[in-house]
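Have a look at the structure below, then the notes.
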Amino acid sequence: MTALDNYVAPTSLEQAVVQLQELGEVTILAGGTDLMPQSHAGRVKFKRTLMNIRRIPELRGIVREGDEIRIGALVTISEMMAHPLVREHLPLLVSAGDHFASDQIRNAGTVGGNICNASPAGDTLVPLMVLGAHVELASKPDDTLFRRSMPLPEFFVGPGKTRLAPAELLTAVRLPIPPKGFVARFHKFGTRPALDISAISIGVAGVLKDGTFSQVRVAFGAVAPTPVCGCATEEALEGKKLDAATIAAAARAAQDEVHPISDVRASAWYRKEMIHNMTKRILEDVSANH
Amino acid sequence: MPETIQRDSLIGKRITKLDAPEKAGGKTRYIQDLDVQGQLYGKILRSARVHAKIKSIDTSAAKALPGVHAVITAADVPYQRPIGVAKDHFPLKTDRVRSLRDEIAAVAAETEAIAEAALKLIKVEYEDLPVLADPNDSLKPDAPLIHPEPHGATAKHDHLKQAQGIAYLGKPDNIAMTFDYQQGDVAAGERESDVVFEDTFHLHYVTHCCMGVSGIIAEFDPSGNLLMYSNTQVPFLHKREFAEILNMDPARIRIIQPPIGGGFGSKLDIYPFEPITVFLAKATGRPVKLVFTREEEFLASPTRQPVILTLRSGCKKDGTLTFRTVRTLHDNGAYTSWGATTPFVMMQTISSLYRVPHCLYHTKAVYTNNPYAGSFRGYGNLQATFAVEQHMDMMAEAIGMDPLEFRLKNAQDPGEVTPQGMHFKSCGFKECLTTAAEASGFLAKFKANEADKAKPGRFKRGVGMASMLHVGGGAKIYPSDGCGTILKMDDFGSVTLITGASEIGQGSETVLAQLVCEELGVPLSAVRVINNDTEITPWDVGVHASRTTFIAGNSAIGAARKARGKILDAAAKMAGLNAADLDLRAGHIVEAKNGTVVMTLAKLLRQLHFSDKAELVVTSFYYEPPSKHQDKHFKGDVSAAYAWATQVVEVEVDTDTGIVRLLKVTGAHDVGRILNRLGLEGQIEGGIVMGQGYALTEELMVENGVVRNPGFRDYKLVTAPEIPEMDVRFIETMDGEGPQGAKGVGEAPAICIAAATANAIYNATGVRIMALPFTPEKVYRALHAAKKEAA
Ligand SMILES: Cc1cc2nc3c(=O)[nH]c(=O)nc-3n(C[C@H](O)[C@H](O)[C@H](O)COP(=O)(O)OP(=O)(O)OC[C@H]3O[C@@H](n4cnc5c(N)ncnc54)[C@H](O)[C@@H]3O)c2cc1C
């Protein structure tokens, strides 16, 4: 185990970003469900200071702000799943939560932690991407609190790597309230029904009107170093009628545009096959139920 | 006091295990929870290379770390002797490492963290050797030797050659062990055959995944007596073996077994961490506790035996089996533990599950640089059954017979003595077959699925059956298979049963207590079972081979009957009645014919105490009845009774993903007699889930000697939502020798599942897979790869 020099538990966002700026070498702890196993396994080394961010009220809560829903970084997967705003407007996140870990982990693990951990198999990432999420970041490089925002896909750089600056904190994700006719699906494919890491995952969203699919967003998990957008698949679907030919073309496009690796969970070949079959299945389901 | 008491019995009832409240309440103190005053913590440095010479080990920095009490390497324990089934394994490695689990050095320190930090300070220089990762490569003429003879008995290795009794001698080739068995003439059998199949089956690595990881505490007292808190399944054999390894007087070794967090065969051998902990205790003069991490448990505890098995078998058009030829290659790993001896059990299934006149069986266990296999519930039988039962279905199909009829035609009957010499005194095999088939609606489903399999559709249903034969009345592996009992009665009518048989979670305490209650007419709450201290309990061979209920049960009955006789004699004298007319019921002495109470048992016992009329401590023993022991050609009987079972598995195959779901398992088990119905159900349900893991999800992935998934994230145990519906039926054949007619059942339920699942997948899809496990990707490939590659 790593010996720590320093432990801080700021009680406001202001205090946290000041400390981040001053202390420099800081490891941020939210639910700890990624951090602790990774440190036990020796994959992550704690920096000089461990900062527990769980006492910062500004990072909590789910609220509606105009046409957006803001989910605080510290919101746990369980809280997200239970929240009325999420259930009403973003049911996709509820179904994603349903396949996330176990109850114990969902009670501790946070949305912010899932995003900052930046695993290509992180199970909120693909749904958040197809819902059009932006991340909200805060820091205090000089005397003023500096906030910035970026579309979620831009935030990811590689496995465990993000555009978060060293003294920056992820404060929330913002999601537009979906328009009328919006449909969204998330499929986590693992080899068992519970407590599994995605071998692949697929998110599809768009507006379905008179059988035509538009404003289509597609994203894939666990097929690249980060969760990725399925641009070719989107193109195969955008403005099209969801008929058998479109679905077949989209499934092929999906299979062709992903370049997964082989690892202990699945081979690249099998992952591509599953991207094809599951994309097809999701689209068939969308077309049959709307 | 009641006036009359009718006879009541606990046999066949659903009895909660005696240790259930403690376990469910979280109060059980496992080895992890035990601490001894003044103890240090031990940690082991394992190899960083798969196969290499050790050029140098520098422990100076580790020794200098504050809080470290000892750092030892092989050089510090010149007296160490090789351990294991073939004595090919030094606890601390001397000149080379042969697998990644190999122990190079060990530390004892004030805390686990300090011990851990000290390991990181040990510097080892290696010189890599070529890695043998495939048993086929180990057999090549130019293959490097994994156990070359210690070079030239130089001064440096003198102690190896000189060690008395056991010495490490090396091997001129990479063959660890061979088994050859023959009955009849397979060539003649083949000439009579109308149908012949030959296939090669691949059986993979899995490991026990005990909830409690391995651990030990070792402590010397000032007189040099060694006390070990150990999770061994075989305390008495280990006492002797430890004495040999440590060059100690066995009388100075005491083993206390704290409650065990899972055994399943994994604690049947001595592993390096155990003597190493003793070395550390010796070096420091302090008690030393060593407990594995979960990752270490995956890397350094034994596995099930991986096997490549080629089976050639035939039958006549009328369904009569003609012959079987089997060649297996066992990947022995770097050292020899019990896994190498699994052919002993495999051949029983091959020769004797069905009537087969001609059999030939060759098997080789071959050294590689992989993890080594130990014993594991089923002991080779899962592997043999996987091959044999798939061929049974294939032959049935080839001659146009249904799988049930084909099996019934060849199944064993009671009274049969097989060509191998196994004598089936009680045998409910045919009843198992018909019961499981009827209860599951096997035949109708089998035919319906077959008709549906070519139709379009993503999900396919399948049903498959497999049967098994396993020892159920002890195993004549050692010259004798015995167990002793001491039974003591106090003056309140309570009974203390001191038995040699260990409880490893199988529920033996409860069953033994029930058997005693049956004889002494006392309630279950009046019985205490003591079974975990070699200084107190009488001798026993150990927990293996599904033997405890049978052997220890008979021994306990023997003691209880002796006590019963004494009690009834004394009561008869006191009451002026005839002992033969008396009975013991619900803590009373009663008249047998009408239940009229004569006196309470407690009162009688108090009168007997401090009198010269009776001794209230009795001893007894049980050895399996004499029979024709196996000769060196493996002909002869191996158990006093045999267990039988048929399991029918229903699956749903998702052809889009290759995911196979187990929908339902119907099992019919010949258990001789139900003693504790609840315990039996628990054993069978647990065994089915273990078999399910073996069939579908579990795999220790070993690549070039490296375990790639040493954790529960990627080593996939079955989770709760995957567990199928189960319908378990018991066949009571009332074995003549069994305790109250019962036979062993511990291993049986895990054995058939993989074979039955293979047959069910075939029934669903028409695709036969001969390699385990049936992971989604493997099944998907089998369903689609050929077609896709052609397209
Ligand atoms: C048994 C088990 C099962 C799991 N199953 C799943 C699963 O099914 N799907 C899945 O996606 N994940 C799974 N996980 C992973 C993990 O639970 C999730 O990723 C979880 O959302 C992480 O949140 P956390 O709050 O615990 O993060 P932490 O472990 O506290 O932090 C994770 C990383 O993010 C950083 N961080 C956290 N919050 C912030 C912030 N606000 N600003 C800046 N940096 C921050 C931390 O420094 C750390 O590097 C599982 C984990 C376990 C142990």
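Where the centre of each part is set by its Cα atoms, how far does segment B:346-389 sit from segment B:443-469, in angstrom?
With segment B:346-389 and segment B:443-469 each reduced to a Cα centre, they are spaced 27 Å.
Just how far, in whole angstrom, is segment B:164-196 from segment A:36-77 if you go by their alpha carbon centroids?
For segment A:36-77 versus segment B:164-196, the Cα centre distance is 62 Å.
If you find the alpha carbon centre of segment B:57-121 and of segment A:125-181, how far apart are they in angstrom?
So the two Cα centres are separated by 49 Å.
Which one of B:C432, B:G212, B:G415 is farthest out on the positive end of the charge dipole of chain B, using unit charges on Cβ (Lys, Arg +1; Asp, Glu -1) and the Cα centre as origin?
B:G212
Stokes-Einstein at 10 °C, 1.306 mPa s, Kirkwood radius from Cα pairs: D for the protein assembly as shown in µm² s⁻¹?
Values: Rh = 32.4 Å.
It diffuses with D of about 49 µm²/s by this estimate.
Please compute the alpha carbon radius of gyration of chain B, then divide it by the globular-protein estimate 2.2 N^0.38 Å. Two decimals is fine. List each step's numbers first, then the result.
Numbers: Rg = 27.7 Å, N = 791, 2.2 N^0.38 = 27.8 Å.
Chain B yields a ratio of 1.00.
List the lysines whose alpha-carbon lies under 27 Å from that of A:K47, not counting same-chain residues fewer than 8 positions away?
The qualifying lysines are A:K140, A:K161, B:K43, B:K120, B:K123.
Going down the table (B:K13/B:K632; B:K593/B:K628; B:K476/B:K562; B:K17/B:K716; B:K716/B:K788; B:K239/B:K488), which pairs top 32 Å between alpha carbons?
B:K13/B:K632; B:K593/B:K628
Enumerate the whole-percent occupancy of each 10 Å bin, from 0 to the last occupied one, for all C-alpha pair distances of segment A:57-176.
Percent of Cα pairs in each bin: 14, 49, 31, 6, 0.
For segment B:314-378, which trypsin sites (Lys or Arg not before Pro) are both in a DSSP coil and crowded by at most 13 other Cβ atoms within 10 Å? The partial results should precede the final answer.
On the way: sites: B:K316, B:K317, B:R324, B:R327, B:R355, B:K364, B:R377; in loops: B:K316, B:K317, B:R355, B:R377.
Here the trypsin sites (Lys or Arg not before Pro) that fit, given the DSSP loop and packing criteria, are B:K317.
Please give the length that would be gained between A:M150 and A:M36 if that part of the chain were fully extended, namely 0.36 nm times their separation in residues minus their C-alpha to C-alpha distance (nm, one decimal). Show your work: numbers first, answer last.
On the way: separation 114, 0.36 × 114 = 41.04 nm, distance 2.80 nm.
Value of the extension gain: 38.2 nm.
Projected area of segment A:1-132, taken from the Cα convex hull and averaged over every viewing direction, in nm²? Please report the intermediate quantities before stating the final value.
Numbers: hull surface 34.4 nm².
Seen from a random direction, the Cα hull of segment A:1-132 projects 8.6 nm² on average.
List, in order, the whole-Hz ³J(HN,Hα) value for each residue of segment B:477-489 obtained from phi through the Karplus relation with A = 6.51, B = -1.76, C = 1.60 and θ = phi - 60°; use x for Gly and Pro.
3J(HN,Hα) across segment B:477-489, in whole Hz: 8, 9, x, 9, 10, x, 8, x, 9, 10, 10, 10, 10.
Enter the buried accessible area of the B/A pair, total of both sides, probe 1.4 Å, in Å² rounded to the nearest 100.
Numbers: alone 29520 and 13590 Å², together 41210 Å².
Using a 1.4 Å probe, the pair buries roughly 1900 Å².
With Cβ to Cβ distances under 10 Å as the rule, what net charge do the other residues near B:L203 carry (K, R +1; D, E -1)? Mind showing how you got there, number by number?
On the way: positive: B:R304; negative: B:D331.
It works out to a net charge of 0.
Could you tell me which trypsin sites (Lys or Arg not before Pro) in segment A:37-81 are loop residues by DSSP with no more than 11 other beta carbons within 10 angstrom of their beta carbon?
Working: sites: A:R43, A:K45, A:K47, A:R48, A:R54, A:R55, A:R60, A:R64, A:R70; in loops: A:R43, A:K45, A:K47, A:R48, A:R54, A:R55, A:R60.
Answer in residue order: A:R43, A:K45.
Run through segment B:495-561 and list the GluC sites (Glu not before Pro) located in a DSSP loop whose Cβ has at most 11 other Cβ atoms within 10 Å.
Of the GluC sites (Glu not before Pro), the ones in loops of segment B:495-561 whose Cβ has at most 11 other Cβ atoms within 10 Å are B:E535.
Per residue, how many Å² of accessible area does the protein assembly as shown show with a 1.4 Å probe? Before the final figure, lay out each step's value.
On the way: 41210 Å² over 1081 residues.
Using a 1.4 Å probe on heavy atoms only, each residue of the protein assembly as shown averages 38 Å².
So how compact is segment A:6-52: Cα radius of gyration and Dmax in angstrom?
11.1, 33
What does the net charge come to around B:N676 if you take all other residues with beta carbon closer than 15 Å to its beta carbon, with K and R at +1 and D and E at -1? Provide the component values of the computation, followed by the final result.
On the way: positive: B:K13, B:R14, B:K17, B:R673, B:R677, B:K743; negative: B:D19, B:E503, B:E509, B:E518, B:E681, B:E685, B:E732.
Every neighbour counted, the sum reads -1.
Please report, in whole Å, how far the alpha carbons of segment B:589-650 spread along each principal axis, starting with the longest.
Principal extents (largest minus smallest coordinate, Cα): 57, 40, 24 Å.
Using a ≥ b ≥ c from the Cα gyration tensor of segment A:165-290 (square roots of the eigenvalues), is it rounded, prolate or oblate, where a/c under 1.5 gives rounded and otherwise the larger of a/b and b/c decides, a/b for prolate? Mind showing how you got there, number by number?
Working: a/c = 1.83, a/b = 1.16, b/c = 1.57.
Cα axes put segment A:165-290 in the oblate bin.
For B:K787, list the lysines whose Cα falls under 20 Å from its own Cα; do not include residues on the same chain fewer than 8 positions away.
Output for B:K787: A:K272, A:K280, B:K453, B:K455, B:K460, B:K778.
For B:G672, what residues show an amide H to amide H distance below 5 Å, using hydrogens built from the backbone and excluding near sequence neighbours?
B:T733, B:M734, B:K743
Ignoring any ligand, DNA or RNA, what whole percent of the accessible area of the protein assembly as shown comes from carbon and sulfur when the probe is 1.4 angstrom?
Details: 21900 of 41210 Å².
Its accessible area is 53 percent carbon and sulfur atoms.
Compute the orientation-averaged projected area for segment B:517-570 from the convex hull of its Cα atoms and round it to one decimal in nm².
Details: hull surface 18.4 nm².
Over all viewing directions, segment B:517-570 projects a mean Cα-hull area of 4.6 nm².
Lys/Arg Cβ at +1, Asp/Glu Cβ at -1, dipole of the protein assembly as shown taken about the Cα centre: which of B:M734, B:F376, A:T226 is farthest positive-ward?
The one lying farthest along the dipole's positive direction is A:T226.
Classify segment B:1-153 from the C-alpha gyration tensor, please: rounded if a/c falls under 1.5, else prolate or oblate depending on whether a/b exceeds b/c.
Numbers: a/c = 3.37, a/b = 1.72, b/c = 1.96.
Cα axes put segment B:1-153 in the oblate bin.
Would you list which aspartates and glutamates come within 12 Å of A:K45, measuring only between C-alpha atoms, while excluding same-chain residues fewer than 8 positions from it?
Excluding near neighbours in sequence, the set is A:E25.
The values are calculated or read from the model by the stated rules, or taken from the named source; none is laboratory data. Note that the coordinates shown come from a computational prediction; the quantities given were computed from them, not determined experimentally. Note that we place each Cβ from the backbone using ideal geometry, even for glycine, and neighbour counts take in every protein chain shown. Just the protein is used for accessible areas: all its heavy atoms, side chains included, with ligands, DNA and RNA removed. Shrake-Rupley method; radii C 1.70, N 1.55, O 1.52, S 1.80 Å.
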